[in-house]
Amino acid sequence: MDNRYFELFNAQQKHQYSVGNTSYNQRIEKLNALQRAIQYTYKQAIRDAMYADFKKPEIETDLTEIYLVVREIKHAKANLRHWLKRQKVPTPLALLGTSSYYKYEPKGVCLIISPWNYPLNLTFSPLVSAIAAGNTVIIKPSELTPNTSKVMATIINDLFDEYEIALIEGDVETSQELLKLPFNHIFFTGSSAVGKIVMAAASKHLTSVTLELGGKSPTIIDETANIKKAIDSLVWGKHLNNGQTCIAPDYVLIHNSKKDEFMKAYKEKVIYYYSKDASASASYSRIVNDRHFNRLTDYIEDAKQHGAKIELGGNYDATDNFIEPTVISYLNEDTKLANEEVFGPILPLKTFDEIDEVIQYINSKEKPLALYIYSQNQKTIDKIINTTRAGGTCINTNALQGSNHDLPFGGSNGSGIGKTHGFFGFQDFSNHRAVLKRHTFGPLNLLLPPYTKFKQKLADLTIKWF
Ligand code: NAD
């Protein structure tokens with residue numbers, strides 16, 4: 001165990017009660033400070049860092065990083081007073097003479113481990129929930145976006161004492177060292193494979209976890225869908241962040257009758273959004289590093305070797321980690337592309353004739369983080385929602401479920417455990433503490449030992465009537 005981490009953890013453990021007892025106003029002040037830093041003081045530094053990390057366009061940084069964190073802060077500030085209130089609950093007749101409530105108390109010392117794909121958003125959004133709930137926090141951001149991690153470290157050092165909130169830059173080894181500590185809660189965002197490692201480490205201390213994981217999120221386009229409208233959001237959602245989005249449409253299941261119209265519209269929209277040469281477009285970012293670039297180009301070559309058809313794109317340039325917007329059909333079910341999360345600008349396209357085929361196919365896989373439906377038929381929409389399982393769903397659009405902070409965000413089983421955003425994030429960083437107070441003598445006092453036949457009768461009556 002690295003002594004520095006141990007000492008930091010101990011310092012936070014010592015201060016967890018003073019931090020946990022901070023008032024509503026003190027927590028609001030912390031959230032205000034974080035908001036000012038992101039929205040104003042460090043805004044340009046954040047944009048520059050993300051461009052340096054993976055050529056993320058400024059507008060995308062503004063909308064998918066800065067805006068979403070600022071929105072999370074505003075939502076927490078608007079609701080915190082209500083969240084911190086005691087939640088009164090009714091009293092059953094058998095407990096007459098008592099009253100009960102529960103309150104959200106901080107879990108204590110928390111660990112946030114974040115990924116690289118939305119490095120600011122996926123680090124600071126859970127931090128907002130942790131602060132709102134009154135926790136101390138150690139943050140371990142991704143080593144793959146070092147420029148953004150550096151700016152975040154500066155912000156945290158600037159605003160907080162390290163016994164309250166600290167950010168440790170480091171790689172997998174750092175993460176593994178931190179995971180040995182007996183945190184009260186771990187909030188992890190990343191791949192399902194690492195999620196299992198995190199959960200195994202957490203189990204040693206019975207630490208609770210929120211796991212925000214990934215996977216293959218299907219998009220269904222039925223025969224009634226308005227392709228023209230669908231394409232606007234689909235091409236955007238697939239290429240936002242260069243496809244490196246946990247809730248990006250991973251693959252499309254399209255009704256046979258719509259395939260040609262879809263491909264024509266998809267090609268036109270790709271050119272409209274990113275020009276004929278996407279490598280020259282300022283709206284198109286890059287794959288984050290060589291490892292992920294090689295993984296994705298290997299998917300393309302593997303698909304080709306298995307007889308898949310390149311409907312669009314398929315070219316790439318290793319000198320710049322650039323991959324063209326690509327659509328691949330006739331994909332063999334044994335290929336990597338058909339089985340692994342894509343996480344890049346490659347869209348597998350699969351056709352169907354009956355909606356039941358689609359439902360069966362989706363239910364034969366891990367529960368997805370997101371499932372999207374493009375259809376004008378409400379019966380089909382309801383049928384899909386009622387007979388499949390997913391973390392979240394958008395109808396006739398995609399990826400926007402993560403932008404409404406009144407909605408819970410997260411997967412189910414293979415795509416995640418627990419929820420984040422707004423109240424749901426606050427809840428995951430809190431313990432529901434139950435409190436019952438006796439005020440007067442009540443019926444249960446009649447049932448204390450020694451047990452007699454008369455008391456047995458009373459117990460029978462209690463079961464029957466109370
Ligand atoms: P990752 O799992 O490789 O890494 C995430 C974090 O875990 C990093 O900080 C990394 O240092 C750490 N880590 C990596 N290997 C580790 C190990 N063996 N032990 C301990 N810690 C380790 O994920 P990534 O590549 O950064 O992000 C991409 C993945 O994250 C995709 O699968 C994507 O779907 C998922 N994701 C999910 C969400 C969500 O909200 N559900 C959001 C974004 C990304």
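The values are calculated or read from the model by the stated rules, or taken from the named source; none is laboratory data. Quantities reported herein were computed from a predicted structural model and do not represent experimental measurements. For neighbour counting, all protein chains shown are included, and Cβ atoms are generated from backbone atoms with ideal geometry for every residue, glycine included. Remember, those area values only see protein heavy atoms, side chains included, never the ligands or the DNA or RNA. Shrake-Rupley method; radii C 1.70, N 1.55, O 1.52, S 1.80 Å.
One table, with the values for the structure above:
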item: Surface/4 of the Cα convex hull for the range 17-68, nm²; result: 4.5 nm²
item: The range 218-403: C-alpha pair distances exceeding 19 Å, %; result: 56 percent
item: Pairwise Cα inverse-distance average, inverted: Kirkwood Rh of the chain (Å); result: 24.2 Å
item: Coil-residue GluC sites (Glu not before Pro) of the range 334-426, DSSP, other Cβ within 10 Å capped at 10; result: Glu354
item: Sites Thr452 and Ser99, calculated FRET efficiency, Cβ-Cβ separation with R0 30 Å, nearest 0.05; result: 0.50
item: Residue-span extension gain [Leu436 to Lys228] - 0.36 nm each, minus C-alpha spacing; result: 69.1 nm
item: Cα lying deepest toward the dipole's positive end in the range 124-201, options Phe160, Gly134, Ala200, charges on Cβ; result: Ala200
item: Sulfur and carbon atoms: percent of accessible area, the range 192-298 [1.4 Å]; result: 57 percent
item: Residue-count net charge about Phe124 - beta-carbon cut-off 10 Å; Lys, Arg +1, Asp, Glu -1; result: -2
item: Antiparallel bridge percentage (DSSP; both residues within the chain; nearest 5); result: 35 percent
item: Listed residue pairs exceeding 18 Å between alpha carbons, taken from Lys140/Lys367; Lys269/Lys309; Lys14/Lys150; Lys14/Lys437; Lys258/Lys350; result: Lys140/Lys367; Lys269/Lys309; Lys14/Lys150; Lys14/Lys437
item: Accessible solvent surface per residue of the range 218-403, calculated while the other protein chains remain in place, 1.4 angstrom probe, Å²; result: 43 Å²
item: The chain - percent relative contact order, Cα under 8 Å, separation 6 or more; result: 19 percent
item: Part-to-part distance (alpha-carbon centres) for the range 6-50 and the range 155-171, which is given in Å; result: 8 Å
item: GluC sites (Glu not before Pro) within the range 9-114, DSSP loop, no more than 10 other Cβ atoms inside 10 Å; result: none
item: Net charge, Asn241 excluded, C-beta distance under 15 Å - Lys, Arg +1, Asp, Glu -1; result: -2
item: Within the chain: Cβ-based charge dipole about Cα centre, in debye rounded to nearest 20 (Lys, Arg +1; Asp, Glu -1); result: 2620 debye
item: Rounded to 5, the percent of DSSP beta bridges in the range 218-403 classed as antiparallel; result: 20 percent
item: Loop-located trypsin sites (Lys or Arg not before Pro) in the range 145-199, at most 16 other Cβ atoms within 10 Å (DSSP); result: Lys180
